[in-house]
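Undergrad: The structure follows.
The values are calculated or read from the model by the stated rules, or taken from the named source; none is laboratory data. If you're wondering where the values come from, they're calculated on a predicted model, not measured in any experiment. Reconstructed Cβ throughout: ideal geometry from the backbone, glycine too, with neighbour counts over all protein chains shown.
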């Protein structure tokens with residue numbers, strides 16, 4: 001399973017803990033945090049652009065500064081690239097383990113390059129299949145402060161397009177959507193709009209007429225989303241563990257491709 005958060009914002013955090021520290025916590029919990037900063041009307045500014053980059057760096061993810069017209073394409077790119085990079089890292093670690101167990105070099109920087117052309121082709125094919133079939137658990141964390149009003153139509157379009165693109169995947173998609181700040185009167189920093197659906201393209205009507213005002217509690221919002229993702233993960237952890245035990249061979253996922 002690949003777990004990631006995509007944060008979409010157009011300004012700096014101004015309430016609560018440092019969002020960079022919150023992002024580091026997410027990464028430590030195995031959740032990749034990607035950040036998109038929207039540049040329209042100059043709302044983001046130099047300070048905001050720096051914060052976007054630092055949050056993504058601490059969260060082990062990608063950062064992009066885009067205009068709202070590029071938002072849909074960027075979210076889809078980040079989603080796929082995060083899955084592909086995570087799978088590549090996992091495969092490299094698996095290959096290192098297999099090769100080490102066969103008394104090969106224990107200090108391999110990129111073990112895929114040491115395979116024969118045929119073996120390399122087979123492993124790359126496996127990775128490509130995994131990109132399409134692995135379970136994806138993702139949370140969209142959307143800034144709904146007042147300055148986002150003029151960009152909200154682009155956000156809705158991006159959500160719809162992301163839903164359509166994910167429907168083409170073979171793997172299971174578990175997508176949640178959060179907004180921050182939460183509605184007036186809430187004790188939380190963020191608010192769950194959609195919880196763990198695979199029909200995101202059909203949910204856009206839920207996002208209209210949202211109250212868009214208030215502060216930008218990016219750090220606390222990240223922490224709340226991480227907490228929710230971890231709670232969701234506890235329910236499926238035992239099932240996933242049993243499934244892995246049944247499907248992996250003694251030498252691991254890629255053992256049939258290494259001789």
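Undergrad: Confirm whether residue 96 is surrounded by 16 or more Cβ atoms within 10 Å (Cβ to Cβ) and at pLDDT below 90.
TA: Here the answer is yes, as residue 96 does meet what is asked.
Undergrad: Here's another thing I want to ask about it. Considering every residue within region 197-205, establish whether at least one is within 28 Å of residue 27 (Cβ to Cβ), surrounded by 17 or more Cβ atoms within 10 Å (Cβ to Cβ), modelled with pLDDT under 90 and touching a strand residue (DSSP E or B) at 6+ places or on another chain (Cβ under 8 Å).
TA: Among the residues of region 197-205, at least one is within 28 Å of residue 27 (Cβ to Cβ), surrounded by 17 or more Cβ atoms within 10 Å (Cβ to Cβ), modelled with pLDDT under 90 and touching a strand residue (DSSP E or B) at 6+ places or on another chain (Cβ under 8 Å), which makes the answer yes.
Undergrad: Tally the residues that are in contact with a helix residue (DSSP H, G or I) (Cβ under 6 Å, 6 or more places away or on another chain) and modelled with pLDDT under 95, restricting the search to region 41-59.
TA: 1
Undergrad: While we're looking at this one, here's another question. I'm told residue 154 meets every condition in (1) over 23 Å from residue 219 (Cβ atoms); (2) modelled with pLDDT of 90 or more; (3) not in a helix (DSSP H, G or I) except one. Can you identify the failing condition by its number?
TA: Result: residue 154 fails condition (3) only.
Undergrad: Please indicate, with yes or no, whether at least one residue in region 99-118 is surrounded by fewer than 17 Cβ atoms within 10 Å (Cβ to Cβ) and modelled with pLDDT of 80 or more.
TA: Scanning region 99-118 turns up at least one residue that is surrounded by fewer than 17 Cβ atoms within 10 Å (Cβ to Cβ) and modelled with pLDDT of 80 or more.
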